[in-house]
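The values are calculated or read from the model by the stated rules, or taken from the named source; none is laboratory data. None of the values given here were measured: they were computed from a predicted structure. Ideal geometry is used to build each Cβ from the backbone, glycine not excepted, and the neighbour counts take in all protein chains shown. Surface areas here come from the heavy atoms of the whole protein model, side chains and all, with no ligands, DNA or RNA. Shrake-Rupley method; radii C 1.70, N 1.55, O 1.52, S 1.80 Å.
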Amino acid sequence: MNVQWWQKEVIYQIYPRSFKDTNNDGVGDINGIIEKLPYLNSLGITMIWICPIFKSPMVDNGYDISDYKDINSEFGSLNDLETLLNKAKQYDIKIMLDLVVNHTSDEHEWFEAALNDPASPYRDYYIFKEGVNGAPPNNWRSIFGGSVWEKVVGEDMYYMHVFDKKQPDLNFENPKLREEIYHMINWWLRKGLAGFRIDSITFLKKDQDFESLTADGNDGLVTCKHKTRNRPGIELFLKELKQQTFEKFDCITVGEAPGVNYDELTDFIGEDGYFSMIFDFKYTDIDVESGSDWFKRTNWTTEEYKKLLFESQEAIQKVGWGANFIENHDQPRALSKLVKDPSYQNFVGGSAIAMLYFFLRGTPFIYQGQELGMTNFERQSIDQFNDISSIDNFHRSIEEGFTEEQAMEFVNLRSRDNTRTPLPWNDQKFGGFSKTKPWIDLIENYKTINVQIEENTSSSLLNFYRELIQLRNHSKYSQTLIYGNFTAHRETNENIISYFRNDQTTKLQIIVNLSNKHNDIDIKNTNYELILDNYGAVEKTENKIKLRPYEALIIEIKI
Ligand code: GLC
Ligand code: CA
């Protein structure tokens, strides 16, 4: 693969509502990001991705946009964003925004016009269909629960929403709509953005037969994914989207593209692919059968995780470049999910999973708070949740026959609110995030897990992340860690995940014991040098390394 500028980036994901509040209304804002640029710079990251900050009624916290060209006032103004772009540049930090074009808010002026007048040209910007015998057009279930169809008051018509009913889907079959979207994207790219993370992009194409399928739940509905996600014909939309926008700029595009199989990767991320890289959820969603049905829990093992991880790396390496992450605003905290023994949900476990994913081939993403070792927030009752998906999953679990207690457990394990709690900057009231009670509660452990304490503790996870970034981007191993090949190491104990990164001159081995047991790993070439170990030093015999629980290390094998 030809070298691309975005391969060497380290991207930090900001959930703006919960990053830093500067005007003390309890909600994070753009000025908060500006204020914390020195922190981000000291971490060593090179780019930030900011979740949606556009005008929005915030039903899905910004993934419901009512004006693409304006900033939601709780975050600040367009001016503030320009200031952020300028200030970030002084630190050499690039900025990526979130592009949400599968749907808008129902409060977008296009949708309001569409709803108010059946003859409006804006009707065709969305997906309106007639009912069938007084019922919705088909039995598709939305990702956030209930039918994908919402009735238009006073008409026998319904509009479609793959997500919430306040997130009507745009009709990409309409060339006029596509034109408007391209226009908007180019308007943003001309402002000097590095690029976009692109939301739910595999949902753009819907099967035009709109046929019902056999129900898959007690609600009589069937997941809409079979008919709306990565469907034939999407290639035309994605190709055109790229040609009309991204291709004209040397920008980075990171697709949130669930439902893409490995044999289709060339289309998505190959040399002429639609995007620079896409997120792979196949190993991320190891704990559930599907990312949207949280009651379908799995009893996963490290061995299974390893298998999926290796498959993913190998498939991506064949054709392009990956986007590596263990957390985001839709996922639980990785420490709570991947480190099963609670007594290691601390520096040891946090540094093990950090080492595990950070040196995979691809661009690493760090989600705010991950670098501190933040954990899930356990809530007692459903009205403590803000996330619409949590509320839906609670009710669906009950409908599927689980008790309220079980439903709460599923939601606590998977809730998107787990990662959306305010970032604790210190141990003061409200964690120094705000002087007012934040829009969503802080996690109780903020007194011990916060930026200030970890800044002042040399052996903190925060400082470990700094070391990882230094190693990847500014050390004699950088070339290999960024551009080197990935080779899976399959001949290990089932609890150990190990892989090589190598090029002509250097061979590095990453070794992680993802378990609370002691495990040994054979080292064939004993002429090696330790680069970094989360226990400080290795315990070894002549041709083995004796790994302690959740021990993680990287060594250079002399060749
Ligand atoms: C993506 C976003 C998620 C949002 C959904 C609908 O999956 O990451 O937060 O709710 O799309 O826009
Ligand atoms: Ca604020």
Rounded to a whole %, the carbon-and-sulfur portion of the accessible area of the chain at a 1.4 Å probe is 46 percent
Selection from 468, 356, 62 lying farthest towards where the dipole of the chain points positive, charges on Cβ: 468
Restricted to pairs 8 or more residues apart or on different chains, the lysines in the range 1-108 with C-alpha atoms under 22 Å apart form a number of pairs equal to 15
May I ask you to compute the full-extension gain from residue 491 to residue 445, defined as 0.36 nm times their residue separation minus their alpha-carbon distance, rounded to one decimal in nm? 12.6 nm
Proximal lysines relative to residue 206, as straight alpha-carbon distance under 22 Å, when same-chain residues fewer than 8 apart are discounted: 129, 151, 165, 166, 176, 225, 227, 239, 242
Can you show me the helix-derived [θ] at 222 nm for the chain, built from DSSP H runs with n ≥ 4 at -39,500 (n - 2.57) apiece and divided by the number of residues, rounded to the nearest 500. -8000 deg cm²/dmol
Could you give the size of the charge dipole of the chain about its Cα centre, using +1 on the Cβ of each K and R and -1 on the Cβ of each D and E, expressed in debye and rounded to the nearest 20? 1760 debye
Treating only the Cβ of Lys, Arg, Asp and Glu as charged (+1, +1, -1, -1), what charge dipole size does the range 485-557 show about its Cα centre? Round to the nearest 20 debye. 100 debye
Set of lysines with alpha-carbon distance to residue 340 below 29 Å, sequence-local pairs under 8 removed: 282, 296, 306, 307, 447, 517, 540, 544, 546
Using only the Cα atoms of the range 485-557, each taken as one equal point scatterer with no solvent, compute I(q) by the Debye sum, divide by I(0), and report log10 of the ratio at q = 0.20, 0.26 Å⁻¹. -0.80, -1.36
What is the distance in Å between the Cα centroid of the range 28-66 and that of the range 353-423? 20 Å
Which of 167, 120, 375 sits farthest toward the positive end of the charge dipole of the chain, with +1 on the Cβ of Lys and Arg and -1 on the Cβ of Asp and Glu? 375
Rounded to whole Å and sorted largest first, what semi-axes of the equivalent ellipsoid does the C-alpha gyration tensor of the chain yield via the square root of 5 times each eigenvalue? 39, 25, 25
In order over the range 553-559: 3J(HN,Hα) from phi, Karplus 6.51/-1.76/1.60, θ = phi - 60°, whole Hz, x for each Gly or Pro, gives 8, 10, 10, 9, 9, 6, 10
Cut-off under 5 Å, modelled amide H: who pairs with residue 252 long-range: 195, 196
With a probe of 1.4 Å, find how much accessible area the range 485-557 has per residue, and write the answer as a whole number in Å². 45 Å²
Per the Debye formula with a single identical scatterer at each Cα and no solvent contribution, what log10 I(q)/I(0) holds for the range 470-515 at q = 0.24, 0.33 Å⁻¹? -0.82, -1.11
I want the local charge near residue 107. Using Cβ-Cβ distances under 10 Å, sum +1 for each Lys or Arg and -1 for each Asp or Glu among the other residues. -3
Around residue 349, with a cut-off of 13 angstrom between Cβ atoms, what is the net charge of the other residues, counting Lys and Arg +1 and Asp and Glu -1? +2
What is the packing order of peptides 413-426, 145-158, taking the mean over residues of other C-beta atoms within 10 Å and listing the highest first? 413-426, 145-158
Average silhouette area of the range 109-160, convex hull of alpha-carbon atoms, in square nanometres: 3.8 nm²
The relative contact order of the chain, taking Cα pairs under 8 Å that sit 6 or more residues apart, comes to a percentage of 13 percent
Once the piece of chain linking residue 113 and residue 308 is laid out straight, how much longer is it, given 0.36 nm per residue of separation minus the C-alpha distance between them? 65.6 nm
Just from the alpha-carbon atoms, what are the Rg and Dmax of the range 57-101 in angstroms? 12.0, 35
Between the helical axis of 461-474 and the dominant principal axis of the chain, each derived from Cα atoms, what acute angle in degrees is found, rounded to the nearest 10? 90 degrees
If you project the alpha carbons of the range 161-315 onto the principal axes, what extent comes out on each, in Å, largest first? 47, 37, 26
Per residue, how much accessible area does the range 109-160 show when a 1.4 Å probe rolls over the protein heavy atoms, in square angstrom? 47 Å²
What is the sum of charges, Lys and Arg at +1 and Asp and Glu at -1, for the other residues whose Cβ falls under 13 Å from the Cβ of residue 459? -3
What whole-number distance in Å separates the alpha-carbon centres of the range 497-516 and the range 235-310? 24 Å
In terms of modelled amide H atoms, which long-range or inter-chain residues lie less than 5 Å from the amide H of residue 70? 55
